[in-house]
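**Q** A single structure is presented below for examination.
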Amino acid sequence: RIECHINDMGADLLTISGHKLGGPQGVGAVVRRSEAVHIGEPLIRGGGQERGLRAGTENVAAIAGFAAAAVAARKKWEAESARIEALRDRFEQELRQISPKAIIFGADVARLPNTTLFALPGVKAETALIALDLAGIAVSSGSACSSGKVAASHVLAAMAVDPALARGGIRVSLGAQTGERELDAFLKAWKRVADALSRGKPGLAA
């Protein structure tokens with residue numbers, strides 16, 4: 001999504017998930033700034049794989065797929081990020097036209113180009129998610145690792161967002177397969193959902 005250099009960030013360790021680059025799920029990498037950085041005692045002991053840091057036979061096929069995905073992502077990331085960012089900006093502009101009161105979190109700061117997190121005051125995320133799901137739209141109320149939970153985002157809480165507004169956070173992610181057609185489908189569905197929720201339609205009201 002964005003260029004990333006471990007030394008420029010001043011980080012000691014960097015973790016990378018293969019599926020975030022379009023590679024297989026269940027494979028990743030831990031990058032050390034230098035060998036002087038101590039990772040800690042291995043959780044899995046036994047053989048000397050992974051320089052003694054994690055025992056067990058490596059999933060070579062997944063690692064090879066991860067490597068191929070990383071090479072492909074590096075070649076196209078600038079053009080793809082620009083394409084996705086343009087889609088996101090168009091999406092947010094039209095979202096505001098449908099719901100002028102919608103709050104887009106982080107709208108005025110540097111952020112990832114592929115994600116929009118917004119809330120409509122007075123509308124709970126869980127209610128909107130159910131309605132959007134019935135319309136064939138897959139979004140979430142937070143990060144993927146928090147899916148299935150209905151608690152307000154801890155990130156929004158750390159940003160001092162009002163708890164009532166934070167509980168309405170809806171996360172829309174764009175990817176390689178996202179185009180104008182997918183955005184149009186979401187916006188059409190959102191207009192129906194937002195109109196119904198604002199009218200307090202039975203079965204949809206928060």
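**Q** Which is the longest part of the chain that has none of the GluC sites (Glu not before Pro) sitting in a DSSP loop with at most 12 other Cβ atoms within 10 Å? Before the final figure, lay out the partial values.
**A** Working: sites that count: 3, 35, 58.
The reported range is 59-206.
**Q** So, one more: What accessible surface, in Å², does a 1.4 Å probe find on residue 66, ignoring ligands, DNA and RNA and rounding to the nearest 10?
**A** The accessible area of residue 66 comes to roughly 20 Å².
**Q** Run through every distinct alpha carbon pair of the chain and return the Kirkwood hydrodynamic radius in angstroms, one decimal place.
**A** Working: mean 1/r = 0.0510 Å⁻¹.
Its Kirkwood hydrodynamic radius stands at 19.6 Å.
**Q** Leaving out ligands, DNA and RNA but keeping every protein chain, what accessible area does residue 195 have, in Å² rounded to the nearest 10, with a 1.4 Å probe?
**A** 50 Å²
**Q** Sticking with this structure for a sec: Order 1, 88, 111 by their accessible area, 1.4 angstrom probe, all chains in place, largest first.
**A** Final ranking, largest accessible area leading: 1, 111, 88.
**Q** Further question on the same structure: Please give me the summed charge of the neighbours of residue 99: other residues whose Cβ is under 13 Å from its Cβ, Lys and Arg +1, Asp and Glu -1. Mind dumping the intermediate values first?
**A** Details: positive: 96, 101, 191, 192; negative: 92, 94, 195.
Combined, the nearby Lys, Arg, Asp and Glu give +1.
**Q** Let me understand the range 97-138 better: what is its radius of gyration from the alpha carbons, and its Dmax, in angstrom?
**A** 11.9, 33
**Q** Could you please report the charge total around residue 165, scoring K, R as +1 and D, E as -1 over all other residues with beta-carbon less than 15 angstrom from its beta-carbon? The partial results should precede the final answer.
**A** Details: positive: 101, 124, 167, 171; negative: 126, 162.
Cβ neighbours under 15 Å give a net charge of +2.
**Q** With every protein chain in place, what's the accessible area of residue 30 (1.4 Å probe, Å², nearest 10)?
**A** 90 Å²
**Q** Continuing with the same structure: Would you tally the net charge around residue 3, using a Cβ to Cβ cut-off of less than 11 Å, leaving residue 3 out, and scoring K and R as +1, D and E as -1? Please report the intermediate quantities before stating the final value.
**A** Numbers: positive: 1, 74; negative: 8, 78.
Result for the neighbourhood of residue 3: 0.
The values are calculated or read from the model by the stated rules, or taken from the named source; none is laboratory data. What you see is a predicted model, and the numbers here were worked out from it, not measured in a lab. No Cβ is skipped: glycine too gets one built from the backbone with ideal geometry, and neighbour counts run over all protein chains shown. The area values use the complete protein model at the heavy-atom level, side chains included, leaving out ligands, DNA and RNA. Shrake-Rupley method; radii C 1.70, N 1.55, O 1.52, S 1.80 Å.
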